[in-house]
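Asks: Structure provided below as structure tokens; questions to follow.
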Amino acid sequence: MNTLSDQAALVTGASKGIGQAIAMDLAEQGIYVFINYQSDKAGARHTVDTIISRNGRAETIQFDVTIQAQCEAAVKDIIQQRGRLDILVNNAGIRDDHLFAMMKKPAWEMVMETHLTGFYHMTRPVVRQMLRQKKGRIITISSTAGQMGNAGQVNYSAAKAGVIGATKALAREIGSRGITVNAVAPGFIETGMLQGLDLDKIRQTIPAGRLGQPEEVAAVVSFLCSSRAGYVNGQVIGVNGGMV
Ligand code: NAP
């Protein structure tokens, strides 16, 4: 593990999957990591226990990214406790796939609320703190679906394209203030989110011929969070085995 730093990070949806791998990689860099979860307390606890067993530092923080008051209270708590917040990873996500003709409004709304409105709920209070610090890294997990569209996922593709637009606009707005804002767009990554999909069929559409691993996304996020990535701003970095 790298030497401990005074930096603090918040990773939303870090109880499992990609968020868990990101949290572990950031902790490996010596960063204090807040592990957000919505309902999977045991998963979040496992993330923290694994980090601590590797001499890292982390704690769980429960909130729902669709509820503004909870997001604002969480950011306030973190700043009160650590005096700063250097890194925000907007990772929490869901899918609710339907052919568009069959898609009922709740499926549209919940996916938008989680990914796009969640970006607003989380990023705005964090940006206000980062502007005071004159330093920060904001990474949002988009998707190849937001870049090329995915049949059966009009809601998810729209939300993931939305966070790319928000990322690019915010990067221009605060790029002169020591803060970078980037998106990472994974392809098909082996997590619970792929449950129920025909993985053999999917593999045939990936030039690499295999699914990605959460750690392969985490490595890119950690780079974007590092001081070496200070001149990377407003970008969408694909981690997709060559799909886009
Ligand atoms: P996952 O294994 O299903 O994990 C999703 C995480 O999001 C869980 O920790 C879950 O918390 C959390 N979450 C969901 N709704 C939340 C809410 N309202 N508030 C707070 N946390 C919430 O999914 P994953 O594959 O790791 O996906 C992580 C991100 O990568 C998502 O944004 C997803 O869209 C994106 N992505 C995934 C893939 C892929 O192939 N897997 C590809 C491209 C992009 P609980 O467990 O506590 O409920």
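The values are calculated or read from the model by the stated rules, or taken from the named source; none is laboratory data. Note that this is a predicted model, so its numbers are computed, not measured. Neighbour counts are summed over all protein chains in view; Cβ atoms, including those assigned to glycine, are modelled from backbone coordinates with ideal geometry. The accessibility values were calculated without ligands, DNA or RNA, using every heavy atom of the protein model including side chains. Shrake-Rupley method; radii C 1.70, N 1.55, O 1.52, S 1.80 Å.
Asks: Find all pairs meeting these conditions: Cβ atoms under 9 angstrom apart; at least six residues apart or on different chains; first residue within the range 31-49 and touching a residue at least 40 places away in the same chain (Cβ under 8 Å); second residue open to solvent by less than 10 Å² (accessible area, probe 1.4 Å) and of a type in the set (Asp, Glu).
Replies: Listed pairs, sorted by first residue: Ile31/Asp86.
Asks: Separate question: Would the range 82-90 turn up any residue that is within 8 Å of the ligand (Cβ to nearest atom), aliphatic (A, V, I, L, M) and either within 22 Å of Glu190 (Cβ to Cβ) or at pLDDT below 95 (or both)?
Replies: Within the range 82-90 (the criterion being within 8 Å of the ligand (Cβ to nearest atom), aliphatic (A, V, I, L, M) and either within 22 Å of Glu190 (Cβ to Cβ) or at pLDDT below 95 (or both)), the answer is no, since none of the residues qualifies.
Asks: Something else about it: Kindly state which helices (runs of 4 or more DSSP H) lie completely within the range 116-213 and contain at least 3 residues that are surrounded by 17 or more Cβ atoms within 10 Å (Cβ to Cβ) and more than 15 Å from the ligand (Cβ to nearest atom).
Replies: Once the helices (runs of 4 or more DSSP H) in the range 116-213 are filtered for at least 3 residues that are surrounded by 17 or more Cβ atoms within 10 Å (Cβ to Cβ) and more than 15 Å from the ligand (Cβ to nearest atom), what remains is 118-133, 154-174.
Asks: Would it be correct to say that Ala9 is within 15 Å of the ligand (Cβ to nearest atom) and small (Gly, Ala, Ser)?
Replies: So Ala9 does not fit the description; no.
Asks: Looking only at the range 45-65, decide whether some residue is more than 14 Å from the chain's Cα centre (by Cα) and aromatic (Phe, Trp, Tyr).
Replies: Yes, the range 45-65 has at least one match.
Asks: Let me ask something else. Tell me, which residue of the range 79-115 that is within 21 Å of Ala21 (Cα to Cα) and of a type in the set (A, V, I, L, M) is surrounded by the fewest Cβ atoms within 10 Å (Cβ to Cβ)?
Replies: To start, the set of residues in the range 79-115 that are within 21 Å of Ala21 (Cα to Cα) comprises 85-95, 114-115.
Cutting the leftovers down to of a type in the set (A, V, I, L, M) gives us 85, 87-89, 92, 94.
Details: Leu85: 22, Ile87: 27, Leu88: 28, Val89: 30, Ala92: 23, Ile94: 17.
Looking at the filtered set, the residue picked out is Ile94.
One line per residue, one yes/no per condition, for (1) buried (at least 20 other Cβ atoms within 10 Å of the Cβ); (2) of a type outside the set (Gly, Ala, Ser); (3) modelled with pLDDT under 95:
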residue: Ser15; (1), (2), (3): yes, no, no
residue: Gln38; (1), (2), (3): no, yes, no
residue: Gln62; (1), (2), (3): no, yes, no
residue: Val75; (1), (2), (3): yes, yes, no
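Asks: Would you mention how many residues in the range 141-168 are under 18 Å from Val65 (Cβ atoms) and touching a Phe, Trp or Tyr at 6+ places or on another chain (Cβ under 6 Å)?
Replies: 3
Asks: Among the listed residues Glu113, Glu109, identify the single one that is of a type outside the set (A, V, I, L, M, F, W, C), free of Cβ contacts under 8 Å to residues at least 12 places away in the same chain and under 24 Å from Leu194 (Cα atoms).
Replies: From the options Glu113, Glu109, the qualifying one is Glu109.
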